[in-house]
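Everything on this sheet refers to the single structure shown next.
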Amino acid sequence: MIWVPLTIAAAGLQVLRNAAQRELTGPLGLWGAAYVRFCYGLPFGLLWLAAILIWKGASGGPGTAFFAYATIGALCQGAAMACLVVAMQGRVLAVATALSKAEVLGAALIGLAVLGDQMSALAWTGMVVATVGVSLTALAGASGALADREAVRAAGFGILSGLLFAVSSVCYRGGALAWGGDPWVGAAATRVAAQTIQSAVGGLHLALLRPAVLGAVARAWRASLWPGAAGAFSSAMLFAAFALGPSAGAVKAVQLADVLIAWALARRLWAERLTLSEWIGAGLIILGAVAVIAPIHP
(Lines give C-alpha, C1' and ligand atoms only; values in the text may rest on other atoms or scores of the structure.)
Protein backbone atom coordinates (compact mmCIF):
# COMPACT_ATOMS: atom_id res chain seq x y z
CA MET A 1 0.00 0.00 0.00
CA ILE A 2 3.07 2.26 0.09
CA TRP A 3 2.27 3.59 -3.38
CA VAL A 4 -0.73 5.54 -2.02
CA PRO A 5 1.16 7.74 0.51
CA LEU A 6 3.98 8.08 -2.00
CA THR A 7 1.55 9.46 -4.56
CA ILE A 8 -0.05 11.87 -2.09
CA ALA A 9 3.38 13.10 -0.95
CA ALA A 10 4.36 13.58 -4.61
CA ALA A 11 1.16 15.58 -5.18
CA GLY A 12 1.99 17.86 -2.26
CA LEU A 13 5.51 18.49 -3.51
CA GLN A 14 4.13 19.12 -6.98
CA VAL A 15 1.92 21.91 -5.63
CA LEU A 16 4.94 23.51 -3.94
CA ARG A 17 6.98 23.15 -7.13
CA ASN A 18 4.25 24.79 -9.19
CA ALA A 19 4.08 27.69 -6.74
CA ALA A 20 7.84 28.15 -6.91
CA GLN A 21 7.83 27.92 -10.70
CA ARG A 22 5.10 30.54 -10.87
CA GLU A 23 7.41 32.99 -9.13
CA LEU A 24 9.97 32.45 -11.89
CA THR A 25 7.66 33.12 -14.82
CA GLY A 26 8.32 36.86 -14.51
CA PRO A 27 12.12 36.83 -14.91
CA LEU A 28 12.34 33.64 -16.99
CA GLY A 29 9.08 33.50 -18.92
CA LEU A 30 6.92 30.38 -19.25
CA TRP A 31 9.52 28.38 -21.19
CA GLY A 32 12.35 29.17 -18.79
CA ALA A 33 10.26 28.48 -15.69
CA ALA A 34 9.21 25.12 -17.16
CA TYR A 35 12.81 24.18 -17.96
CA VAL A 36 14.22 24.74 -14.47
CA ARG A 37 12.39 21.69 -13.13
CA PHE A 38 14.47 19.51 -15.44
CA CYS A 39 17.95 20.99 -15.41
CA TYR A 40 18.01 21.99 -11.74
CA GLY A 41 16.14 18.86 -10.69
CA LEU A 42 18.65 16.45 -12.23
CA PRO A 43 21.29 16.72 -9.44
CA PHE A 44 18.61 15.97 -6.84
CA GLY A 45 17.42 13.03 -8.92
CA LEU A 46 20.95 11.65 -8.87
CA LEU A 47 21.06 12.08 -5.09
CA TRP A 48 17.79 10.15 -4.79
CA LEU A 49 19.17 7.34 -6.96
CA ALA A 50 22.32 7.19 -4.85
CA ALA A 51 20.24 7.00 -1.66
CA ILE A 52 18.08 4.21 -3.12
CA LEU A 53 21.18 2.24 -4.15
CA ILE A 54 22.63 2.56 -0.65
CA TRP A 55 19.29 1.45 0.81
CA LYS A 56 18.38 -1.34 -1.59
CA GLY A 57 21.67 -2.22 -3.25
CA ALA A 58 22.29 -2.52 -6.97
CA SER A 59 19.91 -4.84 -8.80
CA GLY A 60 18.60 -5.22 -12.33
CA GLY A 61 20.04 -3.16 -15.13
CA PRO A 62 19.28 -1.23 -18.31
CA GLY A 63 18.31 -2.90 -21.55
CA THR A 64 16.75 -1.98 -24.86
CA ALA A 65 13.22 -1.90 -23.45
CA PHE A 66 14.32 0.29 -20.53
CA PHE A 67 15.94 2.90 -22.78
CA ALA A 68 12.97 2.85 -25.15
CA TYR A 69 10.45 3.42 -22.36
CA ALA A 70 12.56 6.12 -20.69
CA THR A 71 13.16 7.98 -23.96
CA ILE A 72 9.56 7.88 -25.18
CA GLY A 73 8.29 8.82 -21.72
CA ALA A 74 10.69 11.75 -21.42
CA LEU A 75 9.89 13.14 -24.86
CA CYS A 76 6.14 12.73 -24.42
CA GLN A 77 6.18 14.45 -21.03
CA GLY A 78 8.23 17.31 -22.44
CA ALA A 79 5.85 17.67 -25.38
CA ALA A 80 2.86 17.57 -23.03
CA MET A 81 4.33 20.38 -20.96
CA ALA A 82 4.98 22.37 -24.14
CA CYS A 83 1.30 22.03 -25.05
CA LEU A 84 0.29 23.40 -21.66
CA VAL A 85 2.79 26.24 -21.95
CA VAL A 86 1.18 27.23 -25.25
CA ALA A 87 -2.26 27.01 -23.63
CA MET A 88 -1.08 29.18 -20.73
CA GLN A 89 -0.48 31.99 -23.18
CA GLY A 90 -4.23 32.22 -23.72
CA ARG A 91 -7.08 33.39 -21.50
CA VAL A 92 -8.82 30.07 -20.93
CA LEU A 93 -6.23 27.88 -19.27
CA ALA A 94 -9.00 26.21 -17.25
CA VAL A 95 -10.33 24.57 -20.42
CA ALA A 96 -6.95 23.07 -21.32
CA THR A 97 -6.27 22.04 -17.72
CA ALA A 98 -9.60 20.25 -17.39
CA LEU A 99 -9.17 18.32 -20.62
CA SER A 100 -5.55 17.44 -19.84
CA LYS A 101 -6.81 15.55 -16.78
CA ALA A 102 -8.20 12.94 -19.15
CA GLU A 103 -4.68 11.52 -18.70
CA VAL A 104 -6.07 9.45 -15.81
CA LEU A 105 -8.29 7.34 -18.06
CA GLY A 106 -5.78 7.50 -20.90
CA ALA A 107 -3.01 6.10 -18.70
CA ALA A 108 -5.28 3.26 -17.54
CA LEU A 109 -6.28 2.32 -21.09
CA ILE A 110 -2.76 2.56 -22.49
CA GLY A 111 -1.41 0.64 -19.51
CA LEU A 112 -3.91 -2.12 -20.18
CA ALA A 113 -2.94 -2.26 -23.86
CA VAL A 114 0.84 -1.98 -23.47
CA LEU A 115 1.64 -3.50 -20.06
CA GLY A 116 -1.44 -5.63 -19.46
CA ASP A 117 -2.35 -3.72 -16.26
CA GLN A 118 -5.66 -5.01 -14.95
CA MET A 119 -8.15 -2.88 -12.98
CA SER A 120 -11.44 -3.83 -11.33
CA ALA A 121 -14.77 -2.38 -12.48
CA LEU A 122 -14.93 -0.31 -9.27
CA ALA A 123 -11.47 1.13 -9.95
CA TRP A 124 -12.46 2.09 -13.51
CA THR A 125 -15.59 3.77 -12.14
CA GLY A 126 -13.48 5.61 -9.59
CA MET A 127 -11.17 6.96 -12.29
CA VAL A 128 -14.15 8.22 -14.29
CA VAL A 129 -15.66 9.88 -11.20
CA ALA A 130 -12.34 11.52 -10.23
CA THR A 131 -11.84 12.80 -13.79
CA VAL A 132 -15.32 14.32 -13.82
CA GLY A 133 -14.60 15.91 -10.47
CA VAL A 134 -11.36 17.60 -11.49
CA SER A 135 -12.88 18.71 -14.80
CA LEU A 136 -15.84 20.22 -12.96
CA THR A 137 -13.56 22.21 -10.68
CA ALA A 138 -11.23 23.36 -13.46
CA LEU A 139 -14.12 24.56 -15.59
CA ALA A 140 -15.89 26.36 -12.74
CA GLY A 141 -16.50 29.91 -13.91
CA ALA A 142 -15.14 29.26 -17.40
CA SER A 143 -18.40 28.19 -19.06
CA GLY A 144 -18.87 31.57 -20.67
CA ALA A 145 -15.68 31.13 -22.67
CA LEU A 146 -16.29 27.60 -23.90
CA ALA A 147 -17.59 28.72 -27.29
CA ASP A 148 -14.73 31.16 -27.75
CA ARG A 149 -12.32 30.46 -30.57
CA GLU A 150 -9.43 30.63 -28.16
CA ALA A 151 -11.13 28.06 -25.96
CA VAL A 152 -11.30 25.64 -28.89
CA ARG A 153 -7.56 26.08 -29.40
CA ALA A 154 -6.91 25.57 -25.69
CA ALA A 155 -9.14 22.49 -25.73
CA GLY A 156 -7.07 20.97 -28.52
CA PHE A 157 -3.83 21.54 -26.66
CA GLY A 158 -5.43 20.23 -23.46
CA ILE A 159 -6.54 16.97 -25.08
CA LEU A 160 -3.14 16.50 -26.72
CA SER A 161 -1.28 17.20 -23.49
CA GLY A 162 -3.47 14.72 -21.61
CA LEU A 163 -2.74 12.02 -24.19
CA LEU A 164 0.99 12.71 -24.04
CA PHE A 165 1.02 12.74 -20.24
CA ALA A 166 -0.81 9.40 -20.26
CA VAL A 167 1.75 7.85 -22.62
CA SER A 168 4.64 9.16 -20.53
CA SER A 169 3.16 7.77 -17.29
CA VAL A 170 2.77 4.30 -18.78
CA CYS A 171 6.28 4.46 -20.25
CA TYR A 172 7.74 5.40 -16.87
CA ARG A 173 6.03 2.43 -15.25
CA GLY A 174 7.23 0.26 -18.13
CA GLY A 175 10.80 1.53 -17.73
CA ALA A 176 10.86 0.77 -14.01
CA LEU A 177 9.53 -2.75 -14.62
CA ALA A 178 11.89 -3.33 -17.57
CA TRP A 179 14.89 -2.49 -15.36
CA GLY A 180 14.24 -5.65 -13.36
CA GLY A 181 15.40 -6.24 -9.82
CA ASP A 182 14.07 -4.03 -7.04
CA PRO A 183 11.25 -1.70 -8.21
CA TRP A 184 12.62 1.20 -6.13
CA VAL A 185 15.91 1.01 -8.01
CA GLY A 186 14.19 0.67 -11.39
CA ALA A 187 11.95 3.67 -10.67
CA ALA A 188 14.89 5.87 -9.59
CA ALA A 189 16.98 4.84 -12.59
CA THR A 190 14.08 5.57 -14.96
CA ARG A 191 13.63 9.02 -13.41
CA VAL A 192 17.32 9.90 -13.86
CA ALA A 193 17.39 8.63 -17.44
CA ALA A 194 14.25 10.56 -18.38
CA GLN A 195 15.37 13.76 -16.68
CA THR A 196 18.76 13.60 -18.37
CA ILE A 197 17.06 13.37 -21.76
CA GLN A 198 14.66 16.20 -20.91
CA SER A 199 17.48 18.46 -19.69
CA ALA A 200 19.47 17.85 -22.86
CA VAL A 201 16.57 18.24 -25.30
CA GLY A 202 15.09 21.22 -23.45
CA GLY A 203 18.48 22.93 -23.24
CA LEU A 204 19.06 22.41 -26.96
CA HIS A 205 15.64 23.86 -27.74
CA LEU A 206 16.32 26.98 -25.69
CA ALA A 207 19.86 27.36 -27.05
CA LEU A 208 18.63 27.29 -30.65
CA LEU A 209 15.35 29.18 -30.37
CA ARG A 210 15.47 31.14 -27.12
CA PRO A 211 19.13 31.71 -26.17
CA ALA A 212 18.26 34.73 -24.01
CA VAL A 213 15.96 32.55 -21.91
CA LEU A 214 18.69 29.94 -21.45
CA GLY A 215 21.03 32.66 -20.21
CA ALA A 216 18.38 33.90 -17.78
CA VAL A 217 17.89 30.35 -16.48
CA ALA A 218 21.62 30.06 -15.82
CA ARG A 219 21.72 33.37 -13.95
CA ALA A 220 18.69 32.46 -11.82
CA TRP A 221 20.27 29.31 -10.40
CA ARG A 222 19.72 30.24 -6.75
CA ALA A 223 16.01 30.87 -7.19
CA SER A 224 15.70 27.75 -9.37
CA LEU A 225 17.14 25.28 -6.89
CA TRP A 226 13.95 25.10 -4.82
CA PRO A 227 11.54 24.24 -7.66
CA GLY A 228 14.20 21.90 -9.05
CA ALA A 229 14.48 20.03 -5.76
CA ALA A 230 10.71 19.93 -5.16
CA GLY A 231 10.12 18.70 -8.70
CA ALA A 232 12.85 16.07 -8.51
CA PHE A 233 11.64 14.54 -5.24
CA SER A 234 8.01 14.75 -6.37
CA SER A 235 8.88 12.87 -9.56
CA ALA A 236 11.02 10.35 -7.66
CA MET A 237 8.11 9.47 -5.38
CA LEU A 238 5.67 9.36 -8.28
CA PHE A 239 7.93 7.04 -10.27
CA ALA A 240 8.25 4.75 -7.25
CA ALA A 241 4.44 4.72 -7.04
CA PHE A 242 4.25 3.81 -10.74
CA ALA A 243 6.55 0.84 -10.12
CA LEU A 244 4.85 -0.32 -6.91
CA GLY A 245 1.21 0.46 -7.74
CA PRO A 246 -1.29 -1.56 -9.78
CA SER A 247 -1.27 0.72 -12.83
CA ALA A 248 -0.27 4.18 -13.99
CA GLY A 249 -3.95 5.13 -14.23
CA ALA A 250 -4.58 4.29 -10.57
CA VAL A 251 -1.58 6.37 -9.51
CA LYS A 252 -2.69 9.32 -11.63
CA ALA A 253 -6.18 9.15 -10.10
CA VAL A 254 -4.80 9.37 -6.56
CA GLN A 255 -2.40 12.12 -7.70
CA LEU A 256 -5.43 14.34 -8.27
CA ALA A 257 -5.01 15.07 -4.57
CA ASP A 258 -2.79 17.91 -5.78
CA VAL A 259 -5.97 19.82 -6.64
CA LEU A 260 -7.21 19.47 -3.06
CA ILE A 261 -3.83 20.40 -1.60
CA ALA A 262 -3.65 23.50 -3.80
CA TRP A 263 -7.10 24.57 -2.57
CA ALA A 264 -6.11 24.05 1.05
CA LEU A 265 -3.07 26.28 0.56
CA ALA A 266 -5.11 28.91 -1.26
CA ARG A 267 -7.65 29.05 1.56
CA ARG A 268 -4.90 29.18 4.17
CA LEU A 269 -2.69 31.77 2.52
CA TRP A 270 -5.11 33.92 0.53
CA ALA A 271 -8.46 33.17 2.18
CA GLU A 272 -9.93 32.11 -1.16
CA ARG A 273 -13.45 30.67 -1.13
CA LEU A 274 -14.53 27.68 -3.17
CA THR A 275 -17.61 27.76 -5.37
CA LEU A 276 -20.34 25.13 -5.13
CA SER A 277 -19.01 23.48 -8.30
CA GLU A 278 -15.56 23.26 -6.76
CA TRP A 279 -16.91 21.69 -3.57
CA ILE A 280 -18.83 19.11 -5.62
CA GLY A 281 -15.73 18.46 -7.72
CA ALA A 282 -13.62 18.00 -4.59
CA GLY A 283 -16.09 15.43 -3.28
CA LEU A 284 -16.00 13.53 -6.57
CA ILE A 285 -12.19 13.50 -6.58
CA ILE A 286 -12.10 12.03 -3.07
CA LEU A 287 -14.85 9.52 -3.86
CA GLY A 288 -13.11 8.46 -7.06
CA ALA A 289 -9.73 8.04 -5.37
CA VAL A 290 -11.28 5.89 -2.61
CA ALA A 291 -12.94 3.72 -5.26
CA VAL A 292 -9.60 3.25 -7.02
CA ILE A 293 -7.83 2.21 -3.81
CA ALA A 294 -10.60 0.15 -2.21
CA PRO A 295 -10.60 -2.91 -4.53
CA ILE A 296 -6.81 -3.12 -4.28
CA HIS A 297 -6.50 -2.83 -0.52
CA PRO A 298 -9.78 -3.97 1.04
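The values are calculated or read from the model by the stated rules, or taken from the named source; none is laboratory data. This structure is a prediction, so every number in the text was calculated from the model and none was measured. Because the Cβ atoms are built from the backbone with ideal geometry, glycine has one as well, and the counts that use them run over all protein chains shown. Side chains are part of the model used for accessible areas, which takes the heavy atoms of the whole protein and leaves out ligands, DNA and RNA. Shrake-Rupley method; radii C 1.70, N 1.55, O 1.52, S 1.80 Å.
Computed on the chain, with alpha-carbon pairs under 8 angstrom and 6+ residues apart, the relative contact order is 40 percent.
Largest mean-square fluctuation among G41, G281, G61, in a Gaussian network model of the chain whose springs join Cα atoms under 10 Å apart, belongs to G61.
Around the amide H of D117, modelled in the peptide plane, lie the amide H atoms of L112, all under 5 Å away and 5 or more residues distant in sequence or on another chain.
Comparing V36, V114, V128 in a Gaussian network model of the chain (Cα springs below 10 Å), the most mobile by mean-square fluctuation is V114. Only helices enter this figure: runs of n ≥ 4 DSSP H residues, each worth -39500 (n - 2.57), summed and divided by the residues of the chain, yield -28000 deg cm²/dmol at 222 nm to the nearest 500. Applying 0.36 nm per residue to the separation of W221 and I286 and subtracting their alpha-carbon distance, the gain on full extension is 19.7 nm. The apolar share of the surface of the chain, taken as the fraction of accessible area on carbon and sulfur atoms (1.4 Å probe, ligands and nucleic acids excluded), comes to 70 percent. Karplus-derived 3J(HN,Hα) values for region 36-45, using 6.51 cos²θ - 1.76 cosθ + 1.60 with θ = phi - 60°, are 4, 5, 8, 5, 8, x, 4, x, 6, x Hz; glycine and proline are entered as x. Phi angles of region 200-216 translate, via the Karplus equation with coefficients 6.51, -1.76, 1.60 and θ = phi - 60°, into HN-Hα couplings of 5, 5, x, x, 5, 4, 5, 5, 7, 10, 9, x, 5, 5, 4, x, 5 Hz per residue; Gly and Pro are given as x. By its C-alpha gyration tensor, with a ≥ b ≥ c as the square roots of the eigenvalues, how is region 1-138 shaped: rounded for a/c under 1.5, else prolate for a/b larger than b/c, else oblate? Oblate.
Protein heavy-atom accessible surface, 1.4 Å probe, per residue over the chain: 44 Å². Using θ = phi - 60° in the Karplus curve 6.51 cos²θ - 1.76 cosθ + 1.60, the 3J(HN,Hα) couplings for region 70-76 round to 5, 5, 5, x, 5, 5, 5 Hz; x is entered for Gly and Pro. Projecting the Cα atoms of G73, L163, L16 onto the charge dipole of the chain (Cβ charges, centred on the Cα centre) puts L16 farthest toward the positive pole. In the set [x] 20.8, 68; [y] 18.4, 56; [z] 20.1, 81, the label that goes with Rg and Dmax of the Cα atoms in Å computed for this structure is [y].
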